[in-house]
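As structure tokens, the structure follows; a few thoughts come after it.
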Amino acid sequence: MKQSNAYPNKKLVDKADVIARTVVSQQSFYRSKDCNENHRQLLETMIGAAIWYLPHGKEFWTGGISVEALKKLSETKKITSLTKDHKYPRKVAAAELFKVDWSEIPNHCDEIVNRYQRKYGLFNYVTPTENKRLVKYQKGHVFISPEDSYRQAGILLQKISVDQLNLIRKGDLQLTELAITNQINV
């Protein structure tokens, strides 16, 4: 399997390469009649966990933050009081990878990296309580879309920039109020 040199983050590429190799090597079993639901769930959990361990820095933040997280952030001013919620559930991502026709893709590692950078790695900021509420709407058998999961969990996301996030963390209550009421330009 050809490994990519197109990405500067070697750790991401190395881990994506292992994920690609694992999915491709286990795909025939995953699709076979010998693979029962318990087997599939374990394979999806394993690949999902590997996806979770890919580097996920601030460059993967969508700019989305829940209204409740904005309120909490304005009170505590600590980004650690928030949870990074990946828009796309890991086990759903893993199941999707097992369904890919890898014979059509020239560089498996690049495909994993690309999917991670534009889909699987993206996150929003929510409160820990909201993150727990989201779980039941992000399971593979009920997941439709990130937007649907947030709607069902009753979580309203607002868009802000990194600069605006930093100002809110520093205590800009006027900006916080504008962000909460969606009267802010990103």
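The values are calculated or read from the model by the stated rules, or taken from the named source; none is laboratory data. Given the structure is predicted, the values throughout are model-derived calculations rather than measurements. Note that we place each Cβ from the backbone using ideal geometry, even for glycine, and neighbour counts take in every protein chain shown. Side chains included, ligands, DNA and RNA excluded: accessible areas come from the protein's heavy atoms. Shrake-Rupley method; radii C 1.70, N 1.55, O 1.52, S 1.80 Å.
Remark: relative contact order (the chain) = 30 percent; criterion is Cα-Cα distance under 8 angstrom and separation of 6 or more residues. Separation of the range 112-132 from the range 52-101 is 3 Å, based on Cα centroids. Put simply, when 86-99, 20-33 are sorted by average Cβ atoms within 10 angstrom per residue, most first, you get 86-99, 20-33.
Per residue, what accessible area does the range 10-181 have, given a 1.4 Å probe and all protein chains present, in Å²?
Values: 9140 Å² over 172 residues.
Each residue of the range 10-181 exposes 53 Å² on average to a 1.4 Å probe.
With the alpha-carbon atoms of the range 10-181 aligned to their principal axes, the span from lowest to highest coordinate is 58, 34, 23 Å, starting with the largest.
Let me know the charge dipole size of the chain about its Cα centre in debye, to the nearest 20, where only the beta-carbon of Lys, Arg (+1) and Asp, Glu (-1) is charged.
Numbers: 29 positive and 20 negative charges, 77 e Å.
The dipole of the chain has a size of about 380 debye.
For the range 10-181, the share of DSSP beta bridges that are antiparallel, to the nearest 5, is 80%.
I'd like the trypsin sites (Lys or Arg not before Pro) in the range 112-186 restricted to DSSP loop residues with at most 14 other Cβ atoms within 10 Å, sorted by number.
Details: sites: 115, 118, 119, 132, 133, 136, 139, 151, 159, 169, 170; in loops: 136, 139, 170.
Passing sites in the range 112-186 are 136, 139, 170.
Calculated mean residue ellipticity, 222 nm, the chain: -15500 deg cm²/dmol, from DSSP H runs (n ≥ 4) at -39500 (n - 2.57) each, averaged per residue and rounded to 500.
Computed on protein heavy atoms with a 1.4 Å probe, the accessible areas place 12, 173 in the order 173, 12, largest first.
Sort the range 133-186 into rounded, prolate or oblate with this rule: let a ≥ b ≥ c be the square roots of the eigenvalues of the Cα gyration tensor; rounded if a/c is under 1.5, and if a/c is not under 1.5, prolate when a/b is larger than b/c, oblate otherwise. All intermediate terms of the calculation are to be shown ahead of the outcome.
Details: a/c = 3.06, a/b = 2.84, b/c = 1.08.
Note, shape of the range 133-186 comes out prolate.
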